[in-house]
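J.: Next up is a structure, given as structure tokens.
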Amino acid sequence: MKRELLLAPSLGCCSLFKIEDEIRFIDAHADFLHIDIKDGNYVKTFGVGTDFMNCIKGIVKKPMDAHLMVEHPQDFIEACAEAGAAYITPHTDCIERNAFITINKIKSLGCKAGIALNPAASLESIRYYLPLLDKVTIMIVDAGYPGQKPIVQMYDKIKTLVQWRKEMKLDFMIEADGSMCGEIYEPLYQAGADMVVLGPPALWNLNEDIKVAWGMMKEEVEKGIKSTIN
């Protein structure tokens with residue numbers, strides 16, 4: 001049976017002039033809704049926040065994943081949970097001193113716990129709390145800097161995670177995030193990624209009509225999966 005590649009569009013990329021239509025369409029077709037929350041410190045840009053999530057939580061049906069690109073994720077966890085986040089995903093380097101407390105706090109609020117690793121972060125840094133995780137996000141570019149080329153060494157990091165998951169008999173999802181585009185669906189799928197985060201190059205830049213853009217993106221994804229299977 002062919003393994004699917006789950007799709008998680010980043011809702012902060014929606015057009016402000018078409019935001020309701022685009023969110024409703026994406027919610028009907030995507031697998032997850034990726035919410036980049038930024039503080040202007042961990043990354044030098046700002047994203048949407050928990051107010052945005054509160055506005056849409058009564059409308060969307062797909063799970064929202066709050067990607068905490070912030071220096072102090074502990075300050076955001078409760079607000080994300082209250083705003084309807086199904087998953088909360090901080091970065092490894094921001095919870096090094098209190099990883100177990102942070103992850104257990106996320107789970108105590110009824111959310112699933114994710115973790116995100118920048119390219120230079122070692123997988124060994126999460127090995128001891130990997131059994132607590134529901135999702136691991138591998139950044140294939142340095143977080144917060146648009147226009148980068150994918151770092152191909154991250155495919156090996158995904159392969160290692162797949163191996164660990166099997167050896168440790170765990171069932172967390174493996175997500176790839178950053179500079180997603182048609183040419184890397186094949187190596188990501190081949191490496192074992194379960195889900196990809198879609199930004200402008202992967203979706204919105206393909207066509208100004210989200211429905212047309214979605215069809216074009218799906219063709220690229222299917223082409224990458226088919227190439228791997230064949």
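Throughout, read-outs are computed from the coordinates displayed, never taken from laboratory work. The structure presented is a predicted model; accordingly, all values stated were derived computationally and were not measured. Positions of Cβ are backbone-derived with ideal geometry, glycine not excepted, and every protein chain shown enters the neighbour counts.
J.: With θ set to phi - 60° and the Karplus curve 6.51 cos²θ - 1.76 cosθ + 1.60, what are the ³J(HN,Hα) couplings of segment 106-115 in order, to the nearest whole Hz, using x for Gly and Pro?
T.: 4, 6, 5, 8, x, 9, 8, 9, x, 9
J.: To continue, here is another question. Stretch A120-K61 to full length: gain in nm at 0.36 nm per residue minus the Cα-Cα span?
T.: 17.8 nm
J.: P(r) for segment 1-116, please, calculated from all Cα pair distances in 5 Å bins and given in %.
T.: Per 5 Å bin, starting at 0, the Cα pair percentages come out as 2, 12, 22, 24, 18, 13, 6, 3, 0.
J.: Given segment 127-230, what whole percent of its Cα pairs are spread farther than 23 Å?
T.: Across segment 127-230, Cα pairs with separations above 23 Å total 31 percent.
J.: Only Lys, Arg, Asp and Glu count, each charged at its Cβ (+1, +1, -1, -1), so figure out the dipole size of segment 6-229 about its Cα centre, rounded to 20 debye.
T.: The calculation lands at about 500 debye.
J.: For segment 1-46, just the Cα atoms, rotate onto the principal axes and tell me the three extents in Å, largest first.
T.: 44, 26, 9
J.: So for each of 213-221, 125-133 I average, over its residues, the number of other beta carbons within 10 Å; can you give me the resulting order with the highest mean first?
T.: Put in order of decreasing packing, that is 213-221, 125-133.
J.: Label N41 and K223 with points 7 Å out from Cα along Cα→Cβ: what is the distance between them in nm?
T.: The modelled label-to-label distance comes out at 4.3 nm.
J.: Follow-up. Tell me, how many Å apart are the Cα centres for segment 1-73 and for segment 204-221?
T.: Their Cα centres are 17 Å away from one another.
J.: Right, another one. Using +1 on the beta carbon of Lys and Arg, -1 on that of Asp and Glu, and nothing else charged, what's the dipole of segment 1-127 about the Cα centre, debye to 20?
T.: Computed about the Cα centre, the dipole is about 380 debye.
J.: Can you tell me which of 96-104, 41-49 comes out highest on packing, and rank the rest after it, using the mean Cβ neighbours within 10 Å?
T.: Going by the mean number of other Cβ atoms within 10 Å, highest first, we get 41-49, 96-104.
J.: Another question, if that's okay. Would you work out which of N207, G178, M195 lies farthest towards the positive end of the dipole of segment 166-220, given +1 charges on the beta-carbon of Lys and Arg and -1 on that of Asp and Glu, about the Cα centre?
T.: Most positive-ward Cα: M195.
J.: Please arrange H29, H91 by how many other C-beta atoms lie within 10 Å of their C-beta, fewest to most.
T.: H29, H91
J.: Counting each DSSP H run of 4 or more residues in the chain as -39500 (n - 2.57), what helix-only mean residue ellipticity at 222 nm follows after dividing by all residues, to the nearest 500 deg cm²/dmol?
T.: -10000 deg cm²/dmol
J.: Sticking with this structure for a sec: Which FRET efficiency value, to the nearest 0.05, do you get for D142 and R97 by plugging their Cβ-Cβ distance into 1/(1 + (r/R0)^6) with R0 = 25 Å?
T.: The formula returns an efficiency of 0.65 here.
J.: Can I ask one more? Multiply the residue separation of N104 and Q74 by 0.36 nm, subtract the distance between their alpha-carbon atoms, and state the gained length in nm to one decimal.
T.: The span from N104 to Q74 would gain 9.7 nm if fully extended.
J.: Still on this structure: Averaged over all directions, how much area does the convex hull of the C-alpha atoms of the chain cover when projected, in nm²?
T.: Approximately 11.9 nm², given one-decimal rounding.
J.: Go ahead and run the numbers for FRET between R127 and V212, Cβ-Cβ distance against an R0 of 30 Å, rounding to 0.05.
T.: 0.10
J.: Continuing with the same structure: For segment 107-160, what is the charge dipole size about the Cα centre, in debye to the nearest 20, if Lys and Arg each add +1 at the Cβ and Asp and Glu each add -1 at the Cβ?
T.: Around 140 debye, computed over segment 107-160.
J.: Under a straight-distance cross-link criterion of Cα-Cα below 17 Å, which lysines are reachable from K169, leaving out those fewer than 8 residues away in the same chain?
T.: Partners found: K135, K159.
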